[in-house]
């Protein structure tokens, strides 16, 4: 992530950015009740939203946050945190940059960011997650709610 970027990780419909729209085919539980009320009020859904800054995380997935230690957050071997998902969730990134390159490459290492140190951090995090073994929980279908 670059300065000015932000990420929302959530399984709560209230936390989704105002510009993001869930599709009726991808909701269940409380989100399905909210969607039903919206449709009854006249909402007409478009296509399922997708993009390089929209990540649908499935139950059992893991997400590593890598980087150097910072005030209030100490990295262990350059891993700041590993999130284990017990339910389907959304990871949505937002940036204050609007160029096509920035949008398409959101969250990826930039050419200047692909230092041997950063690549090693990502590889190490991958190895740690791989060594955690197969998740004990999973879903066959991604559903938000």
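Details
- Candidate set from segment 1-26 (those that are over 15 Å from the mean Cα position of the chain (by Cα) and not in a loop (DSSP other than H, G, I, E, B)); member that is farthest from residue 143 (Cα to Cα): 14
- Residues satisfying the stated conditions in segment 27-50, i.e. in a helix (DSSP H, G or I), out of contact with any helix residue (DSSP H, G or I) (no Cβ under 9 Å at 6 or more places or on another chain) and in contact (Cβ under 8 Å) with a residue 12 or more places away in the chain: 29
- Boolean, residue 3 is surrounded by 15 or more Cβ atoms within 10 Å (Cβ to Cβ) and modelled with pLDDT under 90: no
- Some residue of segment 51-65 being under 14 Å from the mean Cα position of the chain (by Cα), without any contact (Cβ under 8 Å) to a residue 40 or more places away in the chain and surrounded by fewer than 14 Cβ atoms within 10 Å (Cβ to Cβ): no
- For residue 12, the conditions (1) closer than 20 Å to residue 63 by Cβ; (2) touching a strand residue (DSSP E or B) at 6+ places or on another chain (Cβ under 8 Å) all hold with the exception of (2).
The values are calculated or read from the model by the stated rules, or taken from the named source; none is laboratory data. The shown structure was predicted, so the numbers you read here are calculated from the model rather than taken from an experiment. Cβ atoms come from the backbone with ideal geometry, glycine included; neighbour counts cover every protein chain shown.
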